[in-house]
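Below is one structure; the comments refer to it alone.
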Amino acid sequence: MNIKTHLIVIALLVLAAACGGGDKGGENGNVLEVKAKLAEKRKTFEKLRADIAKLEKKLEKLDPSYAKQKLEAKTTLVTTLSVSKEPFTRFVEVRGKVTSDKNVILNAQTQGLVTYIAVQEGQFVGAGQSLVAQENSVLASSLQEVKTQLQLATALFERQDKLWKQKIGTEIQYLQAKNNKESLERKIQTIQTQMALSSITAPFSGVVDEIFVKKGQNVGPMNQILRLVALDQVQVQADVSEAYLGKINKGDQVKIKFPSLGIEKVAAIKTIGQIINPDNRTFRVELQLANPNRVLKPDLQAVLELKDFTKKEALVIPTNLIQRDKAGDFVYVLGKEDGKATAKKVLIKTGGNFKNRTLVESGLKGDEMLIEQGFKDVTSGGLVKVSNNDQPKGTKTDSTDKKVVKVKN
């Protein structure tokens, strides 16, 4: 049995004696006797521990392999990550929705029965196409009557005009004939305008989304007739906190995610609202998107990533490697002491962070090797062993590197 084994056996015996039986005084309620025995055993244990430490030092001198094993037992296995400068961009995420400026409900403009519905829901129609017609027989009769009157008035005017050119008749007769003819012409225009109101036409090309009336139904002014939607171009609107005023500008590129569809697009900010909403202290931003497949629908939820801060050359490290104590934020980097690799604690000052990447404003120079795996197991000055040797010094992880679908508007 070697010295190391002897030491372990002695320690186990002492612990067994301290915690085991022979404590009849405790069972009989003799608390003072138990405390005295416990103090004695602790004193013995401390003496044994001091003896063990002396014997270990002696053994280290006599047996170099034991010293090596002890050193390795105190060494923590770690991996490292190089610290370098890279572009850093911080974004703020806000929720918005899809809108369309060509999403309208067409209303009736006059009183009358619906006599004809020329379209169906889901049908594509062109601008100016007739959609719904209302009964206008009274106006049609009035129009025909006025046209007959106009024929007579025109004939009388032409005759009176010839006579007037021959200096026959009076000027008042000529003017009365002319006025009568022109008055009837204006009346026809008025009736035709009124008749046009009984026909609902498409103000733009789009899809008939919903029809609210049926044939034979009597409708009046402002009654809803149908909804017409055009989705080739849509807008995305979002409310942004006033804290970002001046940081977000017209023309900024924005990544837009549509969680329900699992797609992403990029577009520029088209409009920035000029008014702060007093209820939630926000201002409105609007972007325009091409939507050739019409997959984006009004009121679809969108998540916008708005650029808040950017720096071309910045020291950026993984956020999860940053620890905190009373002195502040710190990380462990690879150091060297007496030719051996050690963990070195470095206090840092952090700036912004985005998606597990944090900007370091001070504390690091940019040439350090950051302790990555095992960073929670090391102590300042503690020995470490680096297991990764293939980590290039200049490796960069660009915090702005994102795969998105770019859309030309």
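FYI, it's all coordinate maths here, none of it is from the lab. Remember, it's a predicted structure, so these values are computed and weren't measured experimentally. Cβ placement follows ideal geometry from the backbone for every residue including glycine, while neighbour counts extend to all protein chains displayed.
Based on the Stokes-Einstein relation at 10 °C and a viscosity of 1.306 mPa s, and on the Kirkwood radius from alpha carbon pairs, region 81-168 is assigned a translational diffusion coefficient of 75 µm²/s. Between the amide H of GLY352 and those of LEU359, distances stay under 5 Å, these residues lying 5 or more places away or on another chain, with hydrogens modeled in the peptide plane. Other residues whose C-beta falls under 12 angstrom from the C-beta of THR282 contribute a net charge of 0, scoring Lys and Arg +1 and Asp and Glu -1.
The radius of gyration of the Cα set in region 293-396, together with its Dmax, comes out at 18.7, 68 angstrom. Calculation over all alpha carbon pairs of region 125-217 in 5 angstrom steps from 0 returns a P(r) of 3, 12, 15, 13, 12, 10, 9, 7, 7, 5, 4, 2, 1, 0 percent.
A simple count of charges around PHE309, restricted to other residues whose Cβ falls under 10 Å of its Cβ and scoring Lys, Arg +1 and Asp, Glu -1, yields +3. If R0 is 35 Å, the Cβ-Cβ spacing of LEU32 and LEU55 corresponds to a FRET efficiency of close to 0.50. A Förster radius of 60 Å combined with the Cβ-Cβ distance from GLU242 to THR75 puts the calculated FRET efficiency at roughly 0.65. Pairs spanning more than 27 Å between alpha-carbon atoms, out of LYS102/LYS265; LYS61/LYS344; LYS97/LYS247; LYS247/LYS344: LYS61/LYS344; LYS247/LYS344. Mean projection of the Cα convex hull over all viewing directions, computed for region 149-282: 18.4 nm². Within a straight-line Cα-Cα reach of under 16 Å, LYS162 can be paired with the following aspartates and glutamates, leaving aside sequence neighbours fewer than 8 residues apart in one chain: GLU171. Considering region 231-355 at the alpha-carbon level, its Rg and Dmax are found to be 21.4, 71 Å. In region 289-361, what trypsin sites (Lys or Arg not before Pro) fall in a loop by DSSP, with at most 13 other Cβ atoms inside 10 Å? Those satisfying the criteria are ARG294, LYS326, LYS355.
Taking max minus min of the alpha-carbon positions on each principal axis, region 344-386 gives extents of 32, 21, 16 Å, largest first.
Working note: Karplus 6.51/-1.76/1.60 with θ = phi - 60° gives region 239-251 the couplings 9, 10, 4, 5, 5, 9, 4, x, 8, 10, 10, 4, x Hz, where Gly and Pro are set to x.
Taking amide H atoms as placed 1.01 Å from N in the peptide plane, the amide H of ILE225 lies under 5 Å from those of LEU106, ASN107, ALA108, each 5 or more residues away in sequence or on another chain.
Local charge for GLU171 was computed over the other residues whose Cβ lies under 14 Å away, with Lys and Arg +1 and Asp and Glu -1, and equals +2. Projecting the Cα atoms of VAL285, ALA302, LEU175 onto the charge dipole of region 163-305, computed from C-beta unit charges around the Cα centre, puts LEU175 farthest toward the positive end. Each label was represented as a point 7 Å from its Cα along the Cα-to-Cβ direction; for LYS385 and GLU182 these points are 11.0 nm apart.
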